[in-house]
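*Asks:* Supplied in structure tokens, the structure appears directly below.
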Amino acid sequence: MSQKTMKDLQKEVDEYIGQFKEGYFSPLAMMARLTEEMGELAREINHTYGEKPKKDSEKEKKIEEEAGDILFVLICLANSLQIDLEEAHNLVMKKFTTRDKDRWTKKES
């Protein structure tokens with residue numbers, strides 16, 4: 001399987017959503033969905049690494065699946081607002097490598 005760029009992922013999601021009359025949900029609805037998915041990821045992290053074990057009646061979900069749900073909704077939100085996520089990533093990394101470059105203790109090389 002070849003590696004996909006973020007542009008590829010955004011295009012793939014756009015093509016998927018584009019086949020439906022409803023199209024993208026409103027930004028506010030997607031923000032609510034993103035919050036919901038974050039809660040589901042938090043629950044899985046808590047079950048796996050925290051002190052709260054799963055109930056026997058709870059379905060097994062993977063952290064990877066929950067992270068994928070978040071990525072999908074984030075891409076939908078970005079697409080609906082014409083945000084290039086590669087560009088957004090580059091802006092954030094520039095901020096981290098300039099403004100915050102001395103914020104944390106670096107490992108010895």
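Derivation of every value follows stated rules applied to the coordinates shown; laboratory data play no part. Remember, predicted model here, so these are calculated numbers, not experimental data. FYI the Cβ positions are ideal-geometry reconstructions off the backbone, even for glycines, and counts take in every protein chain you see.
*Asks:* Can you pull out the residues in segment 93-109 that are surrounded by 10 or more Cβ atoms within 10 Å (Cβ to Cβ) and either in contact with a Gly (Cβ under 6 Å, 6 or more places away or on another chain) or not in a loop (DSSP other than H, G, I, E, B) (or both)?
*Replies:* Met93, Lys94, Lys95, Phe96
*Asks:* With the checklist (1) of a type outside the set (Val, Ile, Thr); (2) in contact with a Cys (Cβ under 8 Å, 6 or more places away or on another chain); (3) exposed (fewer than 10 other Cβ atoms within 10 Å of the Cβ) in hand, flag the one item Met30 doesn't pass.
*Replies:* With (1) of a type outside the set (Val, Ile, Thr); (2) in contact with a Cys (Cβ under 8 Å, 6 or more places away or on another chain); (3) exposed (fewer than 10 other Cβ atoms within 10 Å of the Cβ) applied to Met30, the lone miss is (3).
*Asks:* Further, regarding this structure: Scan segment 1-27 for residues that are surrounded by 14 or more Cβ atoms within 10 Å (Cβ to Cβ) and basic (Lys, Arg) and jot them down. So that I can check it myself, show each step before the final result.
*Replies:* Applying the first criterion (surrounded by 14 or more Cβ atoms within 10 Å (Cβ to Cβ)) to segment 1-27 yields 6, 9-11, 13-14, 17, 24-25.
Matches in segment 1-27: Lys11 only.
*Asks:* For segment 75-90, indicate whether the set of residues that are of a type in the set (Val, Ile, Thr) and within 16 Å of the chain's Cα centre (by Cα) is non-empty.
*Replies:* Taking every residue of segment 75-90 in turn, at least one turns out to be of a type in the set (Val, Ile, Thr) and within 16 Å of the chain's Cα centre (by Cα).
*Asks:* Scan segment 45-57 and report the pairs whose first residue is assigned to a loop (DSSP other than H, G, I, E, B) and whose second residue is surrounded by 10 or more Cβ atoms within 10 Å (Cβ to Cβ), with Cβ atoms within less than 6 Å and a gap of 6+ or a chain change.
*Replies:* Pairs that qualify, where the first residue is assigned to a loop (DSSP other than H, G, I, E, B) and the partner is surrounded by 10 or more Cβ atoms within 10 Å (Cβ to Cβ), are Lys52/Asn46; Lys54/His47.
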